[in-house]
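Worksheet for the structure shown next.
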Amino acid sequence: MVTRELTRSRPRMLPSAFEDFFRPMDEFLEKNFWVGPFKVPAVNIVEDTDGYKLFFAVPGMKKNDFKIDLDGNTITVSAEMEEKKEETKEEFTREEYNFSSFTRAFTLPDHVDREKIEATYVDGILKLELPKKDEAK
């Protein structure tokens, strides 16, 4: 798995008041899994005698954020997440909005039983179970 750290720099000529203004957003981005437009979740694929299991690391999402489509030999997993935060203080109101999405597609082997594919989402892990047909076991 390749891990990339995203950094953002601002010109040093900005007064510290501006840095203090951006600090909550920086902290939010550091804690948020979905930083950056090209971030896709890590996927582990395990094969055993009964089939394949795909594990997607997608913390902070809800079950209904995911869409799973099966078209022929291709299974596509996609998700969208929106987050909006608003902070109001005496002198100002700040709104922060974050929208993230991803799509991953996999070509299935012919021996996967497409009628028995199951998906579960628990503790930030989306798990797809792709059982093999009986004759392939």
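Key figures for this structure:
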| read-out | value |
| --- | --- |
| Candidates Pro109, Pro15, filtered to the one that is at pLDDT below 80 and over 19 Å from the mean Cα position of the chain (by Cα) | Pro15 |
| Total residues in region 51-78, condition closer than 30 Å to Lys133 by Cβ, touching a residue at least 24 places away in the same chain (Cβ under 8 Å) and not β-branched (Val, Ile, Thr) | 12 |
| Residue match in region 86-99 (condition: in a strand (DSSP E or B) and closer than 16 Å to Pro41 by Cα) | yes |
| Region 107-128, residues that are in a strand (DSSP E or B) and farther than 14 Å from Thr74 by Cα | Glu118, Ala119, Thr120, Tyr121, Val122, Ile125, Leu126, Lys127 |
| All positions within region 80-117 that are in contact with a strand residue (DSSP E or B) (Cβ under 6 Å, 6 or more places away or on another chain), without any contact (Cβ under 8 Å) to a residue 24 or more places away in the chain and loosely packed, with under 11 Cβ neighbours inside 10 Å | Glu82, Lys84, Glu86, Glu95, Tyr97 |
| Failed criterion for Asn32 (all others in (1) of a type outside the set (A, V, I, L, M, F, W, C); (2) surrounded by 11 or more Cβ atoms within 10 Å (Cβ to Cβ); (3) at pLDDT 50 or above; (4) more than 12 Å from the chain's Cα centre (by Cα) hold) | (4) |
| Qualifying residue in region 39-56 (condition: at pLDDT below 80, farther than 23 Å from Val112 by Cβ and surrounded by 11 or more Cβ atoms within 10 Å (Cβ to Cβ)) | yes |
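Conditions tested, residue by residue: (1) modelled with pLDDT of 90 or more; (2) more than 20 Å from the chain's Cα centre (by Cα); (3) on the phi > 0 side of the Ramachandran plot; (4) among the aromatic types (Phe, Trp, Tyr).
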| site | (1), (2), (3), (4) |
| --- | --- |
| Ala79 | yes, no, no, no |
| Glu86 | no, yes, no, no |
| Phe92 | no, yes, no, yes |
| Asn98 | no, no, no, no |
| Asp113 | yes, yes, no, no |
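The values are calculated or read from the model by the stated rules, or taken from the named source; none is laboratory data. Remember, it's a predicted structure, so these values are computed and weren't measured experimentally. So basically every Cβ, Gly included, is an ideal-geometry build from the backbone, and we count neighbours across all protein chains shown.
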